[in-house]
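The values are calculated or read from the model by the stated rules, or taken from the named source; none is laboratory data. Everything quoted here is computed from the prediction, not taken from an experiment. When we count neighbours, we look across all protein chains shown, and the Cβ atoms used for this are built from the backbone with ideal geometry, even at glycine. Please note that ligands, DNA and RNA were not included when accessible areas were found on the heavy atoms of the full protein model with its side chains. Shrake-Rupley method; radii C 1.70, N 1.55, O 1.52, S 1.80 Å.
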Amino acid sequence: MFQERKADVTTNIPPQMFFFVSAIFHYLGPAFAVLLFSSVSVLGVAWFRIASAAVVFAVWRRPWKIFMRIPWAKRRTLLSLGVVLGLMNASFYLAISRLPLGTVGAIEFLGPIALAALGARTPRNIIALLLAAGGGWLLTDARFGGQPLGYMFAFANCAFFMLYVVLGHRIAQDGGAAGIDRLGAAMLIALMTITPIGFSSALPAMTQPLLLLAGIGVGICSSVIPYVCDQLAMARLPRATFALLLSLLPASAAVIGVIVLRQIPTLVEIVGILLVAGGVALHQESDAVRVKRERY
């Protein structure tokens, strides 16, 4: 009965609202993480993000139960998603430690647009790809000379983000609650993925209560609130609508970078971000691919 009531509450909330909450926290948490980089190493903060989220999901949802019940094919999806989450977060934090948040936030959308253009070579998708490519070129040309390593991590994050969107939709297909349980299982796998490269960097902060609490707060803001909201939105929004709403995220990253980190973009960077956002809003999957995924 209690589970049904919770389901009714989320059903009564428009799915677009979950997306807007996700759009805010998707970059608000990382912005707070940037402020921690002076006290905790980058990979240490990334470990705290995954670890605190994994603990929250473990206590809240006990995701290992659903992992043991589902078929092996779906377990493979969860294993893949967990590895992607771990590597995506590490790449993202290594990128934002070197580049403005708005730049990294825009670059991560180039992959999904390119994938859509390859899957459906329509004039609309070709224009979307040209817009995004032009925006990406402006963003990289503006700063590439100073931070080539930052761009390497930004484009690695772009590839992992593309995989996250595809795998995230797969685990969201049975509804919000089931998707959250599977997300919790994937987060535990992400913790196992990132621990070998981030745990030792996080150890010094564990003896300092304020830094420990800050690291936990970053994890909740970055990986619990936005990912849960993503699942609740993906479960009820058509892929085309969700893809259109994603166009708000590059602008969201830039605005939060300005407000929290005082990272004021140049005119060239603003144009680049707007071009990428326009490409995200314009791109569209082929009908065959969309129908196949909606039936799956």
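Over 23 Å apart: what share of the alpha carbon pairs of segment 3-102 falls there, rounded to a whole percent? Looking at segment 3-102, the distances longer than 23 Å represent 45 percent of pairs.
A crude spin-label estimate for the pair Val268 and Phe20, with each label 7 Å from Cα along the Cβ direction, gives 3.5 nm. With protein chains left intact and a 1.4 Å probe, residues in segment 54-100 average 47 Å² of accessible area per residue.
Available extension along the chain between Thr122 and Met192 is 21.1 nm, counting 0.36 nm per residue and deducting the alpha carbon span. Near the amide H of Gln263, within less than 5 Å, lie the amide hydrogens of Val258, all on another chain or at least 5 residues away, with H placed in the peptide plane.
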